[in-house]
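In what follows, a single structure is set out as structure tokens and then discussed.
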Amino acid sequence: MAEPDQHTVARDQRDPGEDNVLEMRDISVTFDMDRGVSRVIDNVDLDLKRGEIMGIVGESGSGKSMLAATMLDAVVDPGQASGEITYYPKDGEPIEVLDLPKDELKRVRWEEISMVFQGAMSSFNPTMKIRGHFKETLDAHDVDREAGFKNAYRLLSDLHMDPKRVLNSYPHELSGGMKQRALLALSLLLEPEVLVMDEPTAALDLLMQRSILTLLEDIQEEYDVTLVFITHDLPLVTKLADRLAVLYAFEVVELGPTRKIGERAAHPYTRALLKSTPNIDAPLEEMRPIEGESPDPINIPTGCSYHERCPLADELCVESDPGREEIEPEHQAACFHWEESAEAIPLNYEIGGDGEGK
């Protein structure tokens with residue numbers, strides 16, 4: 001495994017293009033419940049730049065996994081997604097993901113936009129060898145098996161595994177880290193342009209987490225794929241991501257380059273999240289849980305959704321939605337009082353200081 005300083009050099013040299021590979025506009029996801037309409041994504045606007053690594057972070061229940069599923073139009077019934085998601089392939093016309101017929105949506109999934117779902121331990125059929133999962137994916141997309149397995153061998157080798165051993169193993173015969181890497185190889189089998197990863201390191205120990213991050217950087221560079229890394233662990237994702245989107249109460253409350261958010265996190269929630277997350281750079285006595293609870297999706301507060309937990313909240317925050325405001329180039333925060341947040345919620349350490357700050 002390469003040393004962290006070598007990764008830093010690789011990150012700083014990577015130059016994602018300014019063109020977008022995916023654009024989300026006014027995206028909402030609702031579920032009709034007995035006690036009312038549950039809104040689990042709330043009017044989200046978000047762009048993915050081609051070739052970047054985007055980190056999406058927030059507490060459990062903030063809407064991260066639902067946002068990921070929406071990118072593939074994979075919201076389960078009776079959920080309803082609305083808005084526009086436009087995918088821009090390298091070749092061909094833009095594709096409106098939410099308007100695709102089922103057969104075309106099936107092609108776009110895995111071939112264009114792929115996803116590693118949360119929980120590698122349960123993602124494989126325990127009665128089927130790993131080879132069978134690769135075979136099913138190739139057959140479902142009418143890909144030549146010989147060429148497909150040649151690519152599978154290359155991917156597994158690039159992920160530092162013995163392809164023959166892995167493919168001939170049942171899932172229970174692989175460690176958690178090996179299952180995660182096998183799932184990563186499967187998600188890249190059809191050479192997608194975008195790979196969405198939902199909590200890919202949640203069940204792994206710290207050493208394996210670091211190993212997976214290293215592999216993701218290498219894979220991103222080798223296969224020229226745009227990565228979306230979803231996690232509740234803000235300090236972890238800053239070691240990997242070019243940009244961060246911070247979710248609270250089903251909406252993006254802060255967005256910007258990792259370095260800018262690391263050095264000057266503007267939203268009170270982002271700063272509180274940093275202060276509450278274990279980090280080897282943070283003094284233990286400085287850690288504080290975020291008081292209060294996340295909003296009920298059926299009863300989201302008026303005004304700023306964070307006002308009930310925010311030390312800076314006033315009547316304006318209760319009555320009005322701040323919306324995202326550009327506080328410096330490429331850095332946005334949805335807060336009326338962002339200029340006061342650093343003093344109100346001080347941090348004795350920084351995150352993402354090794355990032356490019358694009």
Those residues of region 299-331 that are hydrophobic (A, V, I, L, M, F, W, C), assigned to a loop (DSSP other than H, G, I, E, B) and under 24 Å from the mean Cα position of the chain (by Cα) come to a total of 2
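Would you mind finding the one in THR8, THR70 that is among the hydroxyl-bearing types (Ser, Thr, Tyr), at pLDDT 90 or above and part of a helix (DSSP H, G or I)? Lay out the reasoning, then the answer.
Details: THR8 fails: at pLDDT 90 or above.
Testing whether each residue is among the hydroxyl-bearing types (Ser, Thr, Tyr), at pLDDT 90 or above and part of a helix (DSSP H, G or I) leaves just THR70.
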Expected single match for in the same structural domain as SER175 (by TED's automatic domain parsing), under 18 Å from GLU193 (Cα atoms) and out of contact with any Ser or Thr (no Cβ under 8 Å at 6 or more places or on another chain) among THR137, THR86, THR127 is THR137
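Going residue by residue through region 332-348, is there one that turns out to be part of a strand (DSSP E or B), modelled with pLDDT of 95 or more and not hydroxyl-bearing (Ser, Thr, Tyr)?
Going through region 332-348, the residues part of a strand (DSSP E or B) turn out to be 332-333.
Cutting the leftovers down to modelled with pLDDT of 95 or more gives us 332-333.
Restricting the remaining residues to those that are not hydroxyl-bearing (Ser, Thr, Tyr) gives 332-333.
Within region 332-348 (the criterion being part of a strand (DSSP E or B), modelled with pLDDT of 95 or more and not hydroxyl-bearing (Ser, Thr, Tyr)), the answer is yes, since at least one residue qualifies.
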Take the conditions out of contact with any helix residue (DSSP H, G or I) (no Cβ under 7 Å at 6 or more places or on another chain), crowded, with 20+ Cβ neighbours inside 10 Å and within 26 Å of ARG39 (Cβ to Cβ) and apply them to LEU255. Does it pass? yes
By residue number, the members of region 168-198 that are out of contact with any Pro (no Cβ under 9 Å at 6 or more places or on another chain) and hydroxyl-bearing (Ser, Thr, Tyr) are SER169, SER175, SER187
Counted residues in region 106-118 being free of Cβ contacts under 8 Å to residues at least 40 places away in the same chain and surrounded by 18 or more Cβ atoms within 10 Å (Cβ to Cβ) come to 2
Filtering region 119-174 for residues that are surrounded by 14 or more Cβ atoms within 10 Å (Cβ to Cβ), part of a helix (DSSP H, G or I), among the polar types (S, T, N, Q) and out of contact with any Phe, Trp or Tyr (no Cβ under 9 Å at 6 or more places or on another chain) leaves a count of 1
Mind checking whether some residue in region 65-86 is at positive phi and in contact (Cβ under 8 Å) with a residue 60 or more places away in the chain? no
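Search region 87-105 for residues being in contact (Cβ under 8 Å) with a residue 12 or more places away in the chain and assigned to a loop (DSSP other than H, G, I, E, B), and hand back the single one that is nearest to PHE31 (Cα to Cα). Show your work before the answer.
Step one: list which residues in region 87-105 are in contact (Cβ under 8 Å) with a residue 12 or more places away in the chain, which gives 87-90, 95-98, 100, 105.
Now drop any that are not assigned to a loop (DSSP other than H, G, I, E, B), which leaves 88-90, 100.
On the way: TYR88: 29, PRO89: 31, LYS90: 34, LEU100: 21 Å.
Selected residue: LEU100.
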Within region 240-262, residues acidic (Asp, Glu) and closer than 24 Å to ARG210 by Cβ come out as ASP242
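Residue under question is GLU84, and the condition is that it be part of a loop (DSSP other than H, G, I, E, B) and of a type in the set (Asp, Glu); does it hold? If you could, list the steps in order and put the result at the bottom.
On the way: part of a loop (DSSP other than H, G, I, E, B): no; of a type in the set (Asp, Glu): yes.
No: the conditions fail for GLU84.
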Checking GLU263, GLU221 in turn, the sole residue that is charged (D, E, K, R) and under 19 Å from LYS275 (Cβ atoms) turns out to be GLU263
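The values are calculated or read from the model by the stated rules, or taken from the named source; none is laboratory data. Computed from a prediction, not measured in an experiment: that's the story for all the values here. Note that we place each Cβ from the backbone using ideal geometry, even for glycine, and neighbour counts take in every protein chain shown.
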